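Values in this text are rule-based calculations from the coordinates and carry no lab data. The structure displayed is predicted, hence computed values, not measured ones. Neighbour counts are summed over all protein chains in view; Cβ atoms, including those assigned to glycine, are modelled from backbone coordinates with ideal geometry.
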Ligand SMILES: [Fe+2]
């Protein structure tokens, strides 16, 4: 049944292909920019990816105004302010984010300050606090996981005030996302698996959430199928460019799905565990996904059952009687997790990830205050959260 009303918004132009990056100068010309600033991190620049990127600018008439390659793994307001100063000093007119989630969020933060001519991000934190379109932003993801290239969201830590600022605005959507497998080829196996399962969790939670709609469903189902058929190959043979490109596409599709229909308890628990025990986000998503589905089963059994098709393929779906499809979907998700554990030791429980049992009550408390919980099919209180955490422990 269709929702009585829904919105779906994804105006990001996506260019995808084995040499998609080579088209960047002409795409920037189309955006009318002359002096982009490139934002990246040491890992990406150390892997030679900036060079790959700047080569495509020869004779384009576009000058790279500045390059900042020192974004830390967790974006902070201090770094945003530092980059903003460099952007202004070099009279840049646009931003190119080359990296993973932290680089992309940092670039979104910089874009707020340089467009609004401000030095304080805090006044723009919250939902829809940006009233004007921002400067052109191009995102070139170097991981296939966060989907930030197509989301309205950025999260930036304010270290001085000891808080995490969340920004949500349609103005934060980039103008262009470039998916080129050369950029994810150097991603190590375990990170490939973790980021791939983060994408999987975006698609799964988007499909069962209460804000789901037919368009986010289409993106989510396509993403799950693409991740299921490619993630093992991407982990075992990182040099396979076709597989890397498929994972990049799946991540973007999952991002477009959850940017519109939101995520749920898997992310609430994951954000809380990440904040308290510093577990990488993708690892937390992998651990919590089957438990989150089991928790939601009573509210959305039918939707979970539908996901057996992309999760296990047509043959399994056809031979599984309808009443057993939801449980089988979770079974096949766990089979995928086992395969990834065997390949690269991607943790499947909290103990393996280094979480200690004494932290669980604190995580449960934080999880029920995480905003991701709002669109989850079933309400979760602190006791429920603690029960899931205990199940996911070992
Ligand atoms: Fe995520």
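Before moving on, here are some points about what is shown:
- Taking N as the residue count of segment 99-183, its C-alpha radius of gyration divided by 2.2 N^0.38 Å amounts to 1.06.
- Full extension of the chain segment joining residue 343 with residue 358 gains 2.4 nm, where the gain is 0.36 nm per residue of separation less the Cα-Cα distance.
- Gaussian network model of the chain, springs between alpha carbon atoms under 10 Å - residue of 104, 83, 67 with greatest fluctuation: 67
- Note: relative contact order over segment 52-200, using C-alpha pairs below 8 Å and six or more positions apart, is 23 percent.
- Max mean-square fluctuation residue, GNM over the chain, Cα-Cα springs under 10 Å, options 230, 162, 303: 162
- Within segment 47-170, antiparallel bridges make up roughly 45 percent of the DSSP beta bridges whose residues both belong there.
- When both bridge partners sit in the chain, DSSP labels roughly 20% of those beta bridges antiparallel.
- Highest average packing first - 197-206, 254-263, Cβ atoms within 10 Å: 197-206, 254-263
- Segment 1-86: radius of gyration and largest Cα-Cα distance (Dmax), Å: 17.0, 54
- Segment 126-144 versus segment 169-202: alpha-carbon centroid distance in Å: 15
- Net lengthening on full extension, residue 82/residue 240 (0.36 nm per residue, minus Cα-Cα): 53.1 nm
- Alpha carbon centroid spacing (whole Å) that separates segment 341-376 from segment 219-288: 16
- For the chain, averaging the sequence separation of C-alpha pairs within contact (under 8 Å, six or more residues apart) and dividing by the residue count gives a relative contact order of 15 percent.
- Burial order of peptide ranges 178-185, 330-337 (average beta-carbon count within 10 Å, highest first): 178-185, 330-337
- Length added when fully stretched, residue 163-residue 5, from 0.36 nm per residue minus Cα-Cα: 53.4 nm
- For segment 13-182, alpha-carbon Rg relative to the globular expectation (2.2 N^0.38 Å, N residues): 0.95
- The mean of 1/r over all distinct Cα pairs in the chain, once inverted, gives the Kirkwood hydrodynamic radius of 21.2 Å.
- Global form of segment 293-394, assessed from the alpha-carbon gyration tensor, a/c cut-off 1.5: oblate
- Note on the chain: with a GNM built from Cα contacts shorter than 10 Å, the maximum mean-square fluctuation among 48, 238, 282 falls on 48.
- Put simply, the Cα atoms of segment 187-391 extend 42, 36, 29 Å along their principal axes, the longest span coming first.
- Summary value for segment 198-347: 26 percent relative contact order, contacts being C-alpha pairs under 8 angstrom separated by 6+ residues.
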